[in-house]
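In what follows, a structure is listed as structure tokens, so that the remarks can point back to it.
A short reminder: the numbers here are calculations on the coordinates, not readings from a lab. None of these values were measured; they are calculated from a predicted model. Ideal geometry is used to build each Cβ from the backbone, glycine not excepted, and the neighbour counts take in all protein chains shown.
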Amino acid sequence: MQPLAPSLTIAFADLVEKAHEEAFNARFPAKGTFHKLRRGGKEYWYHVMRDSTAPSGRRTSYAGLVGDTDVDALVERHGHEHARHKLQKETASMLRRSGLPAPDPMEGKLTQAFQRAGLFQAGAVLVGSVAYQAYGGILGVKLSGELHRTQDIDLAHDREIALHVGHTGQKLEDFQDILKSVDESFTPRLNPSYPNAGPTRYENASNYKVDLLTAHKNSDRDRRAPVTIPIMPGTALQPLDLMEFLIRNPIRSALLYEDGVAVVVPDPVRYALHKVAISQMRGLSGEAGKDTKDRMQAAELVRAIGHAGRTSELAQAWSELWRHKAKRRNFVLRGILALPDDAIEIIARSAIRYGEEPFRDDELPTVTLRKLIPQKAGGDS
């Protein structure tokens, strides 16, 4: 891990802003207007424009949460013309030359297709290793280029946001059509345990996979069953453990493909701690081979978080994971103990500084962890 020059960190932040503004303006034409609508105790932005093909004579589209400073700023600047595209292209090129990781062509084309189809505005979050490359510019470090290489893309969807999008009658482009715009060989794969549910995975002729995921909800009667959302007809989402922790309060970033692709990814602090836990849970899902990469990503991100001075956020997320995910504590504890000593120290010192359990100032973190881990791995499934 190598620190970035401050000028590169500033340039990356500028690229994120420009890429998201361009995507926002492309999604919501300037001839429309934005209105606030209250639902369930919260206010949301909706874009309204005349449309003779719509039953009501106008088309309404979900744009985001009122009070989200990024969305509020995009609404405020909406429709303003700036000579920014050339600068955006130059910035993306300069960041690639500096050594920041960039997606391979398949990753770049797919995420660009997701962005253009409005998936990220509609609550999608890019998770998994492809998202990892979006963190270096935010945290001010050069992360390992090898740790984001993968043969799949995981796309999680926040069902609450999807509900607000669905209230307008808005539907996204058919997901298989989005994939086929990149590679005609993408075909759906059904979950063999739930053959009557829609596909949660798509795969191309080169075995490149795209998985659709979501978080569990208390109302789910079968926590393993794929679920559907009205805005994505013909597909289903696979609920996974700890996904609600991972995708809560995601952030905006960019991938360095072409002029920069505006994406939404998990907060890096949550991504790191999620990798800590999931590295010990892979065996339950038949993915034990990925645990080494999980630990390497977690350790490198924890170091970057310490470098960026974001240990208070690390402590806060740790507290949430520790207090509210008691059934998974053994996996979390074992995952931390499997990290290099310096990464363990950063997590433990962050927790101690802000008074979070279970670490103590008078005891080595590894000693504390070994005391808390039972002889046999536990954790309810």
Exercise for review: Would you mind getting the Kirkwood hydrodynamic radius of the stretch 268-372 from its Cα pairs, rounded to one decimal in Å?
Suggested key: 13.5
Point to revise | Exposed-loop-free span, longest in the chain, where GluC sites (Glu not before Pro) count as exposed if DSSP calls them loop and at most 10 other C-beta atoms lie within 10 Å | key: 185-381
Study note, to complete from the structure: In this structure, among Lys89/Lys209; Lys109/Lys180; Lys86/Lys142, pairs with alpha-carbon gaps over 18 Å are Lys89/Lys209; Lys86/Lys142
Study note, to complete from the structure: Rg/Rh of the stretch 18-112 (Cα atoms, Kirkwood Rh), to two decimals, equals 1.07
Review point. Around Leu74, with a cut-off of 12 angstrom between Cβ atoms, what is the net charge of the other residues, counting Lys and Arg +1 and Asp and Glu -1?
Key: -3
Revision key, fill the gap. Over the chain, the sum of -39500 (n - 2.57) across DSSP H runs of at least four, divided by residue number and rounded to 500 deg cm²/dmol, gives at 222 nm -12500 deg cm²/dmol
Point to revise | Cα-derived Rg over Rh, computed across the stretch 184-280 with Rh taken as Kirkwood radius | key: 1.00
Revision key, fill the gap. Checking Arg221, Arg353, Arg77 against a Gaussian network model of the chain (alpha-carbon springs below 10 Å), the top fluctuating residue turns out to be Arg221
Revision key, fill the gap. The chain, Kirkwood Rh and Cα Rg, ratio Rg/Rh at 0.97
Review point. Relative contact order for the chain using alpha-carbon pairs under 8 Å, separation at least 6, rounded to a whole percent?
Key: 15
Practice item. Count the net charge of all other residues whose Cβ sits under 11 Å from the Cβ of Asp154, scoring Lys and Arg as +1 and Asp and Glu as -1. Key: 0
Point to revise | Neighbourhood charge, 14 Å Cβ-Cβ cut-off, centred on Pro268 and excluding it, Lys, Arg +1 and Asp, Glu -1 | key: +3
